[in-house]
Amino acid sequence: KKDQEHLISLNDGHNYVEGSLIMKKSRANNWRSSFFSVHDEVKINALEVVKYYDDFSPKTIDEELDEMFSGLSFKTGFIFMKDVTYVDFLNRVRTEELKLRSEGLWETDHHHPWLNLFVPKSRILDFNQQRQQKLRPFLVYPMNRKRWDYMTSAVISDEGEDIFYTVGLLHSARNVKTNNRHGKLKIHQSHM
């Protein structure tokens, strides 16, 4: 949480940051991660940070990243970098979808965005504790109210703290049993 808040407070820092929680010796639930836990870790907090650069700045990008990461609290040796084009970054979901579909895993084993929520900074720890008990993967995106574009973005409350989080709950078809009485997902419909 503090690392994400630090990153979004930087001027001219990153272009994208996402947090995820990897639990119970599982492979990273986030397909974008290049890290797979081989240790018996109970919980790993992972950050994905993106910094755009062009042909004029490749010599300074490593220095910029080192400076940006210097204020973070990760363990030495647990940083992984991948250099991709801007188009490949934007198209990463589609690329992974095609791979998983060819293996027959896209619909059943892959977690998809299910519900996005805005959570104030003062409540994010409470929210995390509740969600961790359910052992479902979720993504956490910190937002800075001062940088929010009210003309083009979703509507958020006028009240509140400068930092809030968008939490993306993920779900896969394997989490729903076919017997409706024992399903983990219930959908209520009302007719008007």
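The numbers here are math on the coordinates, done by the rules we state, and not lab data. Being a predicted model, the structure only gives us computed values, none of them experimental. No Cβ is skipped: glycine too gets one built from the backbone with ideal geometry, and neighbour counts run over all protein chains shown.
If you plug the beta carbon distance of residue 84 and residue 144 into 1/(1 + (r/R0)^6) with R0 = 25 Å, you get a FRET efficiency near 0.50. A Förster distance of 35 Å, applied to the separation of the beta-carbon atoms of residue 118 and residue 54, puts the FRET efficiency at 0.60. The slack between residue 45 and residue 102, meaning 0.36 nm per residue of separation minus the straight C-alpha distance, is 17.5 nm.
Working from label points 7 Å from Cα in the Cα-to-Cβ sense, the residue 61 to residue 2 distance is 3.0 nm.
For the listed residue pairs 59/121; 82/146; 51/75; 2/82; 2/99; 51/146, the alpha carbons are over 26 angstrom apart in 59/121; 82/146; 2/99.
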